[in-house]
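Have a look at the structure below, then the notes.
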Amino acid sequence: MPTDGDLPVVTPVGGEAQASSLSPSIMPDYRVFGGVLRSDLSFEEIPETCGDGASWHLRTGLSGHPPQGARLLGSDSVIDDVEVRLFRSRAGLHLVFDDTGAFRVSLDGARIDWTPTLNVDEDAARLDVIGRVLATALHAGGVLTLHGSAVSVHGRTVAFLGPKRFGKSTLALALVDRGCRLVTDDTLPVAVDAGGAFALPGVHHVRVHADAMHALRAGVAAADAVQKTTLRDLAADRVEENRTPLDALYLLVPVKAASDAPDVTRTRLAPLQAALSLMTHAKLGPLLGGSEAASLLARASALANRCPAFTLHVARDLDRIDRVVERILAWHPASASVHA
């Protein structure tokens with residue numbers, strides 16, 4: 001991870017921005033995505049740490065907006081009618097959110113400058129930082145970030161990739177309930193080097209739909225399937241704090257449940273097909289156009305050549321989740337890995 005020294009505080013002026021709830025002079029450190037975030041915006045979602053050098057510095061200031069002449073790389077929908085756009089300039093990568101403001105990420109990923117909108121919703125800003133902003137910083141530092149959830153099984157990570165409502169978090173939580181450790185939910189950074197592919201630990205909260213939570217946890221009332229519940233109280237022995245070897249990538253394909261159909265099946269993808277599929281599951285995929293798309297493809301190809309990827313057809317039936325979990329655990333015994 002890139003590191004940075006002490007940076008000057010940039011204080012917002014005028015009505016264009018609003019300072020965060022913490023004084024800029026107070027800069028707590030938070031452990032996330034295999035690194036340390038030093039920030040003047042507080043985060044309850046991720047644990048504080050001390051004694052480690054900061055990988056990223058987040059400061060509230062006025063330098064987040066892209067300068068004139070910056071190139072638009074891409075845009076994406078955040079929620080409803082809120083969009084985010086990514087620009088590149090000589091000063092860095094600039095994420096501009098309709099609701100929370102502009103974030104400039106330095107070209108090495110180490111510094112993040114935020115220009116908040118007036119009366120910004122800091123909860124929304126925290127979600128943006130944990131999501132696309134840190135994914136951009138990781139990208140600038142050479143790390144591929146995927147949209148997925150992951151657990152470690154006997155010290156090796158198994159990841160589930162897919163769009164919303166495909167069951168990533170549900171599968172992860174079901175495996176945690178069977179003794180696995182949660183690596184991350186929703187955002188999965190992967191580092192690839194000569195030693196192989198490694199999953200970096202992320203946020204240890206799981207957001208699942210109410211119907212899935214009802215199926216997995218006795219005593220949880222059933223509710224509208226559209227609603228989501230966030231589980232924040234996982235025991236210390238149910239979360240993975242370390243970088244772990246990546247054993248398999250599963251691209252989820254929910255299928256209609258049928259009495260004569262298997263609960264779950266997997267089909268291994270050839271490296272080229274896997275690389276192209278992984279690009280569709282990149283956290284920043286729609287934002288990384290132009291030259292950034294080439295680097296995204298290169299990283300996806302490197303990952304596909306070091307870690308097996310499969311399509312995972314799963315019966316869309318929560319009553320079968322226990323059998324699905326049994327099968328996945330059978331594919332990843334303690335004495336072997338998919339690579340063997």
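Ranked for footprinting exposure by Cβ neighbours inside 10 Å, fewest first, 123, 29, 247 give 123, 29, 247.
Pairs of Cα atoms nearer than 8 Å and 6+ residues apart set the relative contact order; for region 29-141 it is 21 percent. Just for region 243-340, what percent of DSSP beta bridges are antiparallel, to the closest 5? Expressed as a percentage, antiparallel bridges in region 243-340 total about 40. Over 23 Å apart: what share of the alpha carbon pairs of region 29-141 falls there, rounded to a whole percent? Everything past 23 Å amounts to 23 percent.
Rounded to the nearest 20, the size of the Cβ-charge dipole of region 29-141 about its Cα centre is 780 debye, with Lys and Arg at +1 and Asp and Glu at -1.
Mean residue ellipticity at 222 nm, helices only, the chain: -5500 deg cm²/dmol; runs of at least 4 DSSP H residues each add -39,500 (n - 2.57), and the sum is divided by the number of residues.
Can you put 291, 39 in order of Cβ neighbours within 10 angstrom, beginning with the fewest?
291, 39
Note on the chain: GNM, Cα springs under 10 Å; of 236, 298, 135, the largest mean-square fluctuation is that of 236.
Taking amide H atoms as placed 1.01 Å from N in the peptide plane, the amide H of residue 244 lies under 5 Å from those of 199, each 5 or more residues away in sequence or on another chain.
Could you work out the relative contact order of the chain, using alpha carbon pairs under 8 angstrom and six or more residues apart, expressed as a whole percent?
It comes to 15 percent, rounded to a whole number.
Listed by chain and number, the aspartates and glutamates placed with their C-alpha closer than 12 angstrom to that of residue 168 are 185, 186; residues fewer than eight positions away on the same chain are left out.
DSSP beta bridges confined to the chain are antiparallel in about 75 percent of cases.
Within region 29-141, DSSP assigns beta bridges of which about 80% are antiparallel (rounded to the nearest 5).
Below 8 Å between Cα atoms, with a sequence gap of 6+, how large is the relative contact order for region 145-331 in percent? Contact order relative to length: 26 percent.
Coordinate-derived values only; no laboratory data. Treat the numbers as computed from the prediction; the structure is a model and nothing was measured. Neighbour counts run over all protein chains shown; Cβ positions are idealised from the backbone, glycine included.
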